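The values are calculated or read from the model by the stated rules, or taken from the named source; none is laboratory data. None of the values given here were measured: they were computed from a predicted structure. A quick note on method: Cβ atoms are made from the backbone with ideal geometry, for glycine too, and the neighbour counts reach across all protein chains shown.
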Amino acid sequence: MTDSTGTERNSTGMARRSGDPNWWRQASVYQIYPRSFADADGDGLGDLRGVTAKVPYLAALGIDAVWLSPFYPSPLADGGYDVADYRDVDPRLGTLDDFDRMTQALHAADIKIIVDIVPNHSSDEHPWFREALAAGRGSPARDRYIFRDGLGPDGSRPPSDWVSHFGGSAWTRITEPSGEPGQWYLHLFAKEQPDWNWEHPEVRKDFETTLRFWSDRGVDGFRVDVAHALAKDMSEPLRSKPSVADELTPVDGKDPLFDRDEVHEIYAQWRKVFDEYDPPRSAVAEAWVPAERRPAYASPEGLGQAFNFDLLRADFDRRAFREIITNNLDQAAASGASSTWVLSNHDVVRHATRYGLPPGHDLGQWLMGDGADPEVDYEAGLRRARAATLLILALPGSTYLYQGEELGLFEVADLPAAALQDPIWQRTRRKLKGRDGCRVPLPWTSAGPSFGFGPDGAHLPQPAWFADAAVDVQDGLAESTLEFYRAALRLRRELQGFEELTWADGSADDVLHFVRPGGWHCITNFGRSHVALPAGTCRISSGPLRAGELPPDTTAWLTR
Ligand code: NOJ
């Protein structure tokens, strides 16, 4: 049976998994940040052999796909999002053979693989950037990037007031081969991440080659980094844009840097490449754009799906969840895509911590105080995190889970300044610590060097409390967060059917209750008092129930 979206389903509405062109529509995708996942060779950095060794763990977790953050050769100015070679593996992380073995092992376990593609910028160690520096002003090599002369009589002022996402100017001045101070190049992120010029046919062609390279190796899909920034209006005079806050980006597609209408021409071209494969390769856009601009990225003629980050910024609050879910389901329907749901990733404070802080708290500032002021209510944080996870796992669409959240990990908020790697720390002149606290290598065992992350140390210091959160401590323990994730993911596969949701109105004020086809009810209590559960069989709950009642900060799935 095929539904209106073209997804093949069995009689209960379950999607057929392997080989299904629509496998991504309701997939649970587990994000691996490779340098911090598992280290097989003992150099302190996670690697691809580490991932392969953990395939049984991933299979037992019950996820449908992994998304691998960048593993390409990189000087690591931005955790690998500064790519020096798009078609190879960082030697510290392995080889292309290791990649193939990992892909085979994942596929053998019926797990798809999505890789990160970083098309807005390369590393300053990419051969084409080095060539551009050596080739001099006005050369074709420079034209693959965005070089401009500076302002003022001696060109010593940047060409515009544009600022980098990581703080400071978005322009850096180079020294010309002659030794003279020279042109400036654009980098919307760190200065080690020069922006590509997407007007250049060679840049376009090279990325298509990269998409085919990984697709030929069996990759099932792509996560597209900063998908909304590739097309830029570089006509002179460059327009003023002194802030990169995405809420300030106009919705008319005419901003000089972000979300310009022309960007979709690039993705229409990519779609043709994806469709050369059977099944077509999937893609998901990381596009920080206003909600109404998302469907264009998620359209079937474009990338096919776009991240919805609304829940990353929302408090654990019934109204906020209801509004976000409704809006995103509407938008997904408008583009023909399925929605995406995310509570944590490698760029934000882990949600078990976020929900343990006062609503709306400034997390950047909180991190500056080493997470001591205010103190996190860890119990409430984890309780709400589990409730929110169970809620999003019941929604139609794909759920993206971030490594370590299945262990209930909190943010490591007290990393010493000397250990910080995120370019945000230096570029903001140490006013913001950045994102290292959610990138600390995972604890696999309660003892041993680096808590089982590898045979030796870890590239970021792990806190002592990791001993209690380790996989071997939680494995088999009924009430552990790990067993909770395993049970929820297993049950999701069993209950998942058509992409429909009906709100069950009439529930108590602080309760969110919806129903999926087949009588699958999801009920979350966002309030402060216990509420009665409707009739039905409770299949799983995010915390203990009390005599048929749903306690505060708890979600339950019922079937009836
Ligand atoms: C978004 C990625 O998620 C983030 O980690 C990275 O720093 C920027 N894009 C720049 O590539």
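Overview of results
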{"read-out": "Pick from the range 236-263, criterion part of a helix (DSSP H, G or I) and more than 16 Å from the ligand (Cβ to nearest atom), ranking: farthest from Q31 (Cα to Cα)", "value": "L248"}
{"read-out": "All positions within the range 214-235 that are away from the ligand (no atom under 16 Å from the Cβ) and more than 22 Å from the chain's Cα centre (by Cα)", "value": "D216, R217, D233, M234, S235"}
{"read-out": "Long-range neighbours under 9 Å by Cβ, at least six apart or interchain, first residue within 18 Å of I424 (Cα to Cα) and of a type in the set (S, T, N, Q) within the range 342-359, second within 16 Å of the ligand (Cβ to nearest atom) and outside any loop (DSSP other than H, G, I, E, B)", "value": "N345/Q31; N345/L312; N345/Y400; N345/Y402; N345/C438"}
{"read-out": "Any chance E375 is within 28 Å of P250 (Cβ to Cβ) and of a type in the set (D, E)", "value": "no"}
{"read-out": "Residue within the range 86-105 that is within 16 Å of the ligand (Cβ to nearest atom) and either closer than 30 Å to R148 by Cα or crowded, with 16+ Cβ neighbours inside 10 Å (or both) present", "value": "yes"}
{"read-out": "W198 vs. criteria away from the ligand (no atom under 14 Å from the Cβ) and under 21 Å from R427 (Cβ atoms)", "value": "no"}
{"read-out": "Odd one out for D456 among (1) in a loop (DSSP other than H, G, I, E, B); (2) touching a Ser or Thr at 6+ places or on another chain (Cβ under 9 Å); (3) crowded, with 23+ Cβ neighbours inside 10 Å; (4) of a type outside the set (A, V, I, L, M)", "value": "(3)"}
{"read-out": "Matching residues in the range 45-64 - criterion: being among the small types (G, A, S) and either crowded, with 23+ Cβ neighbours inside 10 Å or in contact with an Asp or Glu (Cβ under 6 Å, 6 or more places away or on another chain) (or both)", "value": "G46, G50"}
{"read-out": "Residue that is nearest to the ligand (Cβ to nearest atom), among those in the range 148-162 that are surrounded by 14 or more Cβ atoms within 10 Å (Cβ to Cβ) and in a loop (DSSP other than H, G, I, E, B)", "value": "W162"}
{"read-out": "Scan of the range 274-294 for residues that are assigned to a helix (DSSP H, G or I) and surrounded by 19 or more Cβ atoms within 10 Å (Cβ to Cβ), ordered by number", "value": "F274, R293, R294"}
{"read-out": "Qualifying positions in the range 329-351 - crowded, with 23+ Cβ neighbours inside 10 Å and either among the aromatic types (F, W, Y) or in a helix (DSSP H, G or I) (or both)", "value": "A332, W341, H351"}
{"read-out": "Given (1) surrounded by fewer than 22 Cβ atoms within 10 Å (Cβ to Cβ); (2) under 30 Å from L329 (Cβ atoms), number of the condition G138 does not satisfy", "value": "(2)"}
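Yes or no, residue by residue, for (1) away from the ligand (no atom under 15 Å from the Cβ); (2) modelled with pLDDT under 95; (3) under 15 Å from Q403 (Cα atoms); (4) among the acidic types (D, E):
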{"residue": "A27", "(1), (2), (3), (4)": "yes, no, no, no"}
{"residue": "I32", "(1), (2), (3), (4)": "no, no, yes, no"}
{"residue": "S36", "(1), (2), (3), (4)": "no, no, yes, no"}
{"residue": "A40", "(1), (2), (3), (4)": "yes, no, no, no"}
{"residue": "R49", "(1), (2), (3), (4)": "yes, no, no, no"}
{"residue": "A65", "(1), (2), (3), (4)": "yes, no, yes, no"}
{"residue": "L68", "(1), (2), (3), (4)": "no, no, yes, no"}
{"residue": "L76", "(1), (2), (3), (4)": "no, no, no, no"}
